[in-house]
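Below you'll find the structure, written out as structure tokens, and then a few comments.
The values are calculated or read from the model by the stated rules, or taken from the named source; none is laboratory data. Here the structure is a predicted model, which means the values were calculated and not measured. Glycine gets a Cβ as well: all are built from the backbone with ideal geometry, and neighbour counts include every protein chain shown.
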Amino acid sequence: MTDQSTLSTAPTFPTTRTPGCPFEPPAEFTDLRDREAITQASCPAGIDAWVVSRYEDVRTLLSAPGISSRKAPSTHVTPNADLDEPIQPGNLLQLDGKEHARLRRMLTGEFTVRRMEALRPYIQRVVDEHIDALLAGPRPVDFYEHFALPIPSLVICELLGVPYEDREFIHTRSAALMPVDGDQEVAYAHYVEIQEYMGRLLDGKLADPGDDLISRLIERSRESDDPITAAEMVELSTTLLIAGHETTANMIALSTAVLAQHPDKLQALRDDPELAPSAAEEMLRYLSVVQFGLLRYATEDLELGGRTVKAGDWLVAALNAGNRDERVYDNANEIDLERKAKTHLAFGFGIHQCIGQQLARIELQEVYARLFRRVPTLRLAVSLDRIPFKDNTLVYGVHELPVTWEG
């Protein structure tokens, strides 16, 4: 492992976006990607890490067998983080090898394309109900609070069997986990509160199972030769709950802010809702809301980008840089709603690729296909420079997004 006590001479890991360009990754990533395949940077966690910024190298890194995800997703940007903290049982994001594969197998059947497609009518209804509420309510309105956040929250609560009336408790505590420079003791206390809540929920489902993912997981575990423990179940369901609404909520709000700056793109979506699937992939690529990339640890030597990365080195897969790589995407800094972008890196790659990606895709597709057609004059109610962006959070987005419309 890198000696954290050694004073680094490496350049600082880029975390600051160019002023006036809230939808662009830090400009340094372009220079890094163009100058060298991989290069070292000094990270706020107190380590030097190899920054991997080219598309093909990111894919190689995230699928390499000698790479550990033990501090995923982005602990490198947390000041003075404890990188030797033990991994909690059931932590799907940080476990490797057989333990990760065991948990992933238990969940795979719940997130198939077929099962997610079965949720589409429910998602359509939720989206339409929230559009109805927008149109019936006052203007301007905070689009994030009243539309972008409740839709994925409702969907993930429905999927997991979590009472939706508890959404405010869940959101306030999960939101506290996102800032990279926040009080880590407070963040940990909030995480424990969510886990305790999920523990009580699990107890209830053990006694009275329902038709939901957690109940089915309990049943599948009981039938397994290697069942999931209660502690693992709590950790796993907590991860799914937090990840299931934070990323998609921010994607809905942020992509709406982006599209509001491109009236021609909005018009194209209004005219042809069939563009929604490719538009969703393009916005995922363009925005890359896991904004600081994914931290990885080399457990053995690895050839990457023409260099030998040594066992014990840290690496960061810069998803936003890979998704803007001109070697793969023509005019990568421009939005093309017809682009064939489904191989983007927004969901990661390899064995840790986001298990809920099909659900996120459907949610975005239904928002794009319905919102802009039903509210054709939707626009920002304030200038872009007055929108509070989440510059210091693990998942990029907005704290609020005032919108209005005509009629």
Since ALA81 meets every condition but one in (1) at pLDDT 90 or above; (2) more than 30 Å from ASP385 (Cβ to Cβ), which condition does it not meet? (1)
If you take the residues of region 65-79 that are of a type outside the set (Ser, Thr, Tyr) and either in contact with a Leu (Cβ under 6 Å, 6 or more places away or on another chain) or more than 30 Å from ASP34 (Cα to Cα) (or both), which of them is surrounded by the most Cβ atoms within 10 Å (Cβ to Cβ)? HIS76
Output the residue which, of all residues in region 348-407 that are crowded, with 18+ Cβ neighbours inside 10 Å and hydroxyl-bearing (Ser, Thr, Tyr), is nearest to LEU266 (Cα to Cα). TYR368
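May I ask you to verify whether PRO73 is within 16 Å of GLY350 (Cα to Cα), assigned to a loop (DSSP other than H, G, I, E, B) and modelled with pLDDT under 95? It would help to see each step written out before you state the result.
Numbers: within 16 Å of GLY350 (Cα to Cα): yes; assigned to a loop (DSSP other than H, G, I, E, B): yes; modelled with pLDDT under 95: yes.
Considered against the rule, which asks whether it is within 16 Å of GLY350 (Cα to Cα), assigned to a loop (DSSP other than H, G, I, E, B) and modelled with pLDDT under 95, PRO73 comes out as yes.
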Kindly establish whether ASP225 is over 22 Å from HIS245 (Cα atoms) and either surrounded by fewer than 12 Cβ atoms within 10 Å (Cβ to Cβ) or free of Cβ contacts under 8 Å to residues at least 12 places away in the same chain (or both). yes
Look through region 184-199, keep the residues that are touching a helix residue (DSSP H, G or I) at 6+ places or on another chain (Cβ under 9 Å) and among the charged types (D, E, K, R), and return whichever of them is farthest from ILE214 (Cα to Cα). GLU193
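Out of all the residues in region 86-140, which are hydroxyl-bearing (Ser, Thr, Tyr) and assigned to a helix (DSSP H, G or I)?
Answer for region 86-140, where residues must be hydroxyl-bearing (Ser, Thr, Tyr) and assigned to a helix (DSSP H, G or I): THR108, TYR122.
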Lone qualifier among GLY90, GLY182 - being surrounded by 20 or more Cβ atoms within 10 Å (Cβ to Cβ) and of a type outside the set (Ser, Thr, Tyr): GLY90
Within region 33-55, the residues that are touching a helix residue (DSSP H, G or I) at 6+ places or on another chain (Cβ under 8 Å) and either of a type outside the set (A, V, I, L, M) or surrounded by fewer than 20 Cβ atoms within 10 Å (Cβ to Cβ) (or both) are ARG33, ALA37, THR39, CYS43, PRO44, SER53, ARG54, TYR55
Name the single residue, out of those in region 391-405 being at pLDDT 95 or above and assigned to a loop (DSSP other than H, G, I, E, B), that is farthest from ALA253 (Cα to Cα). TRP405
Enumeration of residues in region 294-336 that are in contact with a Gly (Cβ under 9 Å, 6 or more places away or on another chain), assigned to a loop (DSSP other than H, G, I, E, B) and of a type outside the set (Asp, Glu): THR299, ALA311, ALA318, VAL328
